[in-house]
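The values are calculated or read from the model by the stated rules, or taken from the named source; none is laboratory data. None of these values were measured; they are calculated from a predicted model. Cβ placement follows ideal geometry from the backbone for every residue including glycine, while neighbour counts extend to all protein chains displayed. These area figures cover heavy atoms from the full protein model, side chains too; ligands, DNA and RNA do not enter into them. Shrake-Rupley method; radii C 1.70, N 1.55, O 1.52, S 1.80 Å.
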Amino acid sequence: MPSLSWHWLNGGMLQPVVVLAGGLSHQRDISLKSGRTVAQALRRVGHEVVEADIDSALIETLRANDGAVVFPMLHGGLGENGALLEVLQLMGIPYVGSSPATCRISFDKSIASRAVAAAGIVTPQQVALPHDVFRELGAQTVMRSIAEKFGLPVIVKPARGGSSLGVTKVDGVDDLPQAVANAYAYDDMVVVEEFIVGTELAIGMITTSEGTRVLPAVEIRPVGGVYDYSAMYTGGETRLTAPADISDTAAQTATAMARVVQKELDFSGISRVDAIVDESGRPVFLEAGAAPGMTATSLVPVAMKAGGLDLGEVCSRLVDDVARNHG
């Protein structure tokens, strides 16, 4: 089994790292790509890195690398709901990223939206529909009520998940039941929310024990109009602009909103807030993630580049911060 040793670079000792990626969620392939990106970046700046999957050998691998910092790059399921992090804490293993509690809250879009709304952040009108309620009350009755309350179009998405899997923009009430059924394929809780017209942004954040740096907002313009899974990972389907082509005032307001979200949800490490700047220039919170994608086409690496930051140096700084403050 792979194990790590200490390396010295420029007179300083670099912490060995175990990058976790893969797992069994719908986003396994994206997680593996994110993990490889981070592992390569850490190696480039001098760290010795072991890449590990979430399988029966994981605990043994972690014990074989006692003293290493874990860098989770897991998306969906165990990676974002805090479950695996609970195990790492139980074992006393230092890791980069947010607490299990933060992950549980941010992973559920219906809960995260209400938490930030309570802090004064603007959010879309939204309803969360458990599968059993939807089934027992009857699809048509629920769909008509949603259309009357929110108007059309609406966005339908799984409450828990990422990479925009199961996300649909619905323009007609007759299409709502199928969109909801598609979302239930990924989670037994579905969120339906009003569609906000405006400029879609992703705002990355890097948080250490010394504070939070908010990265330049990335503007997202999907060719098809909706930033779904295909738009995320198919070349040419989305145009990303960083910094976003918005007014200085809107950019400052979006940054301030991200800081409130970070504080309210207590993010650590690398996180991301997704928002839309509406036609009045007001940022509207959509969702936030404690484990954003870090592939070559992902939003946070684009934001880091726009902010003049090197991915390897950022990841190394996060590892060092965790190692110094663990205990």
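For the listed peptides 243-250, 166-173, a ranking on the average number of other beta carbons within 10 Å per residue, highest first, reads 166-173, 243-250. The fraction of accessible area contributed by carbon and sulfur in the range 178-228 is 45 percent, rounded to a whole number (1.4 Å probe; ligands and nucleic acids excluded). The mean accessible area for residues of the chain, using a 1.4 Å probe and ignoring ligands and nucleic acids, is 45 Å² per residue. Full extension of the chain segment joining Ile111 with Leu137 gains 7.1 nm, where the gain is 0.36 nm per residue of separation less the Cα-Cα distance. Going by amide H atoms built from the backbone, whose H comes under 5 Å of the H on Val45, apart from near neighbours? Amide H neighbours of Val45, under 5 Å, 5+ apart: none.
Put a dot 7 Å past the Cα of Ser209, heading toward its Cβ, do the same for Arg259, and the two dots end up 2.3 nm apart.
Averaged over all directions, how much area does the convex hull of the C-alpha atoms of the chain cover when projected, in nm²? Answer in nm², one decimal: 16.8.
Shown for the range 67-143: the carbon plus sulfur share of the solvent-accessible area, taken with all protein chains present and a 1.4 angstrom probe, equals 61%. Here each label is just a point 7 Å from Cα along the line to Cβ, and for Asp55 and Gln252 those points are 5.3 nm apart. What FRET efficiency comes out for the pair Gln40/Ala101, r = Cβ-Cβ distance, R0 = 25 Å, nearest 0.05? Working from the Cβ atoms, E equals 0.20. Packing, as the average of other Cβ atoms within 10 Å across residues, places the peptides 177-190, 54-67, 261-274 in the order 261-274, 177-190, 54-67, highest first.
For the chain, what does the helix formula give at 222 nm: sum of -39500 (n - 2.57) over DSSP H segments with n ≥ 4, over the residue count, nearest 500 deg cm²/dmol?
Working: 12 runs with 124 residues, N = 327.
After summing the helix terms and dividing by the residues of the chain, the value is -11500 deg cm²/dmol.
When Rg and Dmax are taken over the Cα atoms of the range 47-183, they come to 19.5, 58 Å. Applied to the range 272-280, the Karplus parametrisation 6.51 cos²θ - 1.76 cosθ + 1.60 on θ = phi - 60° returns per-residue 3J(HN,Hα) values of 8, 10, 9, 8, 10, 8, 6, 5, 8 Hz, with x for Gly and Pro.
Each label was represented as a point 7 Å from its Cα along the Cα-to-Cβ direction; for Asp171 and Phe195 these points are 0.7 nm apart. Its Cα centre serving as origin, the chain has a Cβ charge dipole (Lys and Arg +1, Asp and Glu -1) of approximately 460 debye.
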